[in-house]
Each structure stands twice: as C-alpha cells, then as structure tokens.
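Student: One structure follows; several queries about it will come next.
The values are calculated or read from the model by the stated rules, or taken from the named source; none is laboratory data. Here the structure is a predicted model, which is why all the values come from computation and not from measurement. Using ideal geometry, Cβ is built from the backbone for each residue, glycine included, and neighbour counts are taken over all protein chains shown. With ligands, DNA and RNA removed, areas are computed over all heavy atoms of the protein, side chains included. Shrake-Rupley method; radii C 1.70, N 1.55, O 1.52, S 1.80 Å.
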Amino acid sequence: MTSGGGFATDRAHLAAVNDGAAARSTRAAGSPVFRRQVREDVLAAVAEFVDTHCAAALEYSRVDIAVDVLRGLLTDGKCLRSTFLYLGWLCGAEPGRAAVRAAASLEFLHAFALMQDDVMDCSPLRRGRPSAHHALAHWHRRRGLSGSPARFGESAAVLLGDLCLVWAEQMLRESGLDDAALARAWPRYDAMRIELAVGQFADLVNDTAAFPSLDEVLDVARRKSGNYTVRRPLEIGATLAGCDDQVLTALGDYGEAVGEAFQLRDDLLGVFGSPKTTGKPAGADLCARKATTVVVAAHQLATAAQRRQLCRLMTADQLTPADIAGWQTLIADIGTVEWIEHLIDQRLKRALDRLDAAPLNSDAHSALTGMAAACTQREN
C-alpha cells in the first residue's frame, strides 16, 4: 500500500478493496488478521482521499510541508475508531466499500484531535516523530521567515486540524452511503464532536495543582476519550446500518465500558509506558502535571506520608528526570497499578457481559470481543 516511507497509494489495492477481506467477509472476525485487514483497507481509503481532495487544496497554503505532516499523522494510527465504526455497521449490514470509506473518515477527525491536543499540551512528539506544530515550526525556522517559529507552528497546526475536521465530515458525506443512512447518523456524529471538544475544555483545568476527584477525572476521560474512541463510533456505524434500539443500547453500554477501560490503560501508559509504545517521553503525563486517573488514584490510596511526597512532586516548579522516576516508583509502591488494573478488569467484564446478552450475529460478537481485549491489554 505504501512505497518506502511515503504514503503513495497502491491503486491496485484500492481497486481491490471491494473484494478485500474487510469489505468482503467477516470470517475470523475476532482475529488479529481481520483487524489488520480492516486497518489496511481504512488506510487505503484515507490515502485515496488525501490524494484526490487534500493534497491539491493544501497547495494553496504555500506551506509545502503541510501535506507531509498530514500524511505522517494518517499513516501510523491503529485505526481503532474506524474499526469500531465498521464493526457497528457489521452489526446490521453486509460488508462493503462504502462502509469502509465511512469508517475511514474518522481518521481525519482523529488527526484533528491529535493536532489540537498536542498544541494544548505543548507535546514535542507524536508517535515517535515531531508533533505537527513542532514540524511546522521547524519548517518556518529553516526558511528564515519573520516572526516566531513556535507561534507559526501552533497556528498552522490549528488550521491544519480545522481542515481535517472539515475533511472528516466530507469523506463521510461522500462515502457512498445513502442519504437516509447519513441522516440517521448525524445526531450521534454531532454528539461525538461536542463531547470531544467539551472534554478538551475540561481537560485544560484537569491539573494536579487543582486536584479534581477521581469521579471528575473519570467523567472527563469518558467524554474526551472513551466515548469518542469506542461508544460513539460503534453507535454511528450501527445507526448507519439501520440497527434497532435494542442493539444500539447494547453497543452503547459495551462501548462506554470499553472506552473507560481504554482510557484507564492509556493513563497507565502515560505514567509507565515506554517511548517505543507511546511515542512520547517516559512519564509524559507526570511531566505535564496531568491529573489522570493514575495520579488521582495514587493520591486517594496513599498514606499521609506518601501523600505529602505526592503533593511536593505535583506542585514542584521544575521536575528533573530523577523526580519523574521517583514519582513513578511512589505511585507503584502505593499499589496504584493493581488498583487501576482492577478497574480495567471490572469494565471489561461489564462490556463482555453486555455483549453476551445482545442480539448480535456471531461474527460481530467475536470481533467486538477481540477489540475489547485489544483496547484494554496493551503492553508497556
């Protein structure tokens, strides 16, 4: 599908999406092979859209690196949201290329969210490479343009993110699904975008100095990431397919539980994950003073002496690598990891129990069971 490190579209593969494994069949739907095929077909559809819509439009920006930045963001993703939308579709309709294209549109929405998030968090890296605003700032600096490179990079990344928000809706609208199906999905699509933005607002004040409660942090995680990653994509796909209220309710309950478990796992990785796994420096959430579920749970579980140590680290003006390592050790010694793992297991069980009671075909059930495990059992 790609050549070397680029993003060139293999036209033969695109033509074969109609007959590809993801679009043709759900055999072995719970297997990694099926998930890999969905991802390949999604990325092929995204590549086609970039070539036919985005690249020409970005020529007018006069920022010749913009399309490469976009392609870089769209190449390496796990395509979780797209896969969940496609699986929602398979709960009520047959496989097809139009459904793959509809699912793939969420990759542009995710690119929008990543660029906005990295600007707000001042993140230097995304998936092991310079984040969009850093790459754009470097482009500005190399050309010796006037003004602040950092300010330019942030502004350009916000604008590129805005374009991705537009392209996400355009790709869904032009996916090939009929107007009636799209009309059913728009209310949930709007709800997803609103929840994402409102969750980002709440995350701006989700700081260790203010120290919100665990319930407040879980609510932010649910709105900002959980619903957006699992629940809403599933519901949108099922709504597009014309699934009834019983199926939609079951998928919503499953999606909420898996989404929360996904975010809890993500918060563990934000504290203990390696750069190879997260694409960010070790302890990135601690460096950013984020009041994640892990940090808040540690404070809740700590003894009085441990809490004093935590408060010192949370309010320190500067943190050295030794401070970050000490903070990680303290969180682990408190028993936080085991406590969060228990929360993940609880939510995974709730999701699978809800799935078992839902009126789903065996392929959809198998695929959703596999996706629940894939989302919650990621390694450091």
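Student: With the condition kept exactly as written, say whether any residue in the range 54-65 is on the phi > 0 side of the Ramachandran plot and surrounded by fewer than 19 Cβ atoms within 10 Å (Cβ to Cβ).
Tutor: Scanning the range 54-65, I find at least one residue that is on the phi > 0 side of the Ramachandran plot and surrounded by fewer than 19 Cβ atoms within 10 Å (Cβ to Cβ), so the answer is yes.
Student: What number goes with the only condition from (1) surrounded by fewer than 23 Cβ atoms within 10 Å (Cβ to Cβ); (2) farther than 21 Å from Glu169 by Cα that Gly96 does not pass?
Tutor: (2)
Student: Can you name the residue in the range 176-203 that is more than 21 Å from the chain's Cα centre (by Cα) and not acidic (Asp, Glu) and, of all such residues, is surrounded by the most Cβ atoms within 10 Å (Cβ to Cβ)?
Tutor: The residue in question is Leu177.
Student: Need a quick list: helices (runs of 4 or more DSSP H) entirely within the range 246-329 having at least 2 residues that are surrounded by fewer than 20 Cβ atoms within 10 Å (Cβ to Cβ).
Tutor: 275-278, 293-301, 304-315
Student: Filter the range 125-143 for residues that are surrounded by 14 or more Cβ atoms within 10 Å (Cβ to Cβ) and small (Gly, Ala, Ser) and give the result.
Tutor: Ser131, Ala132, Ala135, Ala137
Student: Among the numbered criteria (1) open to solvent by 50 Å² or more (accessible area, probe 1.4 Å); (2) under 26 Å from Asp253 (Cβ atoms); (3) charged (D, E, K, R), which single criterion is violated by Arg71?
Tutor: For Arg71, the exception is condition (2).
Student: If you scan the range 128-152, which residues turn out to be in contact with a Leu (Cβ under 8 Å, 6 or more places away or on another chain) and assigned to a loop (DSSP other than H, G, I, E, B)?
Tutor: Of everything in the range 128-152, just one residue is in contact with a Leu (Cβ under 8 Å, 6 or more places away or on another chain) and assigned to a loop (DSSP other than H, G, I, E, B), namely Ser131.
Student: Another question, then. Can you name the residue in the range 204-239 that is without any contact (Cβ under 8 Å) to a residue 40 or more places away in the chain and buried (at least 17 other Cβ atoms within 10 Å of the Cβ) and is also farthest from Gly255 (Cα to Cα) among such residues?
Tutor: Val220
Student: Would you mind telling me which numbered condition in (1) open to solvent by 10 Å² or more (accessible area, probe 1.4 Å); (2) out of contact with any Cys (no Cβ under 8 Å at 6 or more places or on another chain); (3) not in a helix (DSSP H, G or I) Leu114 fails?
Tutor: That leaves (3) as the condition not met.
Student: How many residues does the range 348-368 hold that are among the hydroxyl-bearing types (Ser, Thr, Tyr) and surrounded by fewer than 18 Cβ atoms within 10 Å (Cβ to Cβ)?
Tutor: Number of matching residues: 1.
Here is a yes/no grid of residues against (1) in contact with a Lys or Arg (Cβ under 8 Å, 6 or more places away or on another chain); (2) touching a residue at least 40 places away in the same chain (Cβ under 8 Å); (3) assigned to a helix (DSSP H, G or I):
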{"site": "Leu73", "(1), (2), (3)": "yes, yes, yes"}
{"site": "Arg81", "(1), (2), (3)": "no, yes, yes"}
{"site": "Phe84", "(1), (2), (3)": "no, yes, yes"}
{"site": "Gly92", "(1), (2), (3)": "no, yes, no"}
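Student: A follow-up question, please. Name the single residue, out of those in the range 82-135 being among the basic types (Lys, Arg) and at pLDDT below 95, that is farthest from the chain's Cα centre (by Cα).
Tutor: Arg129
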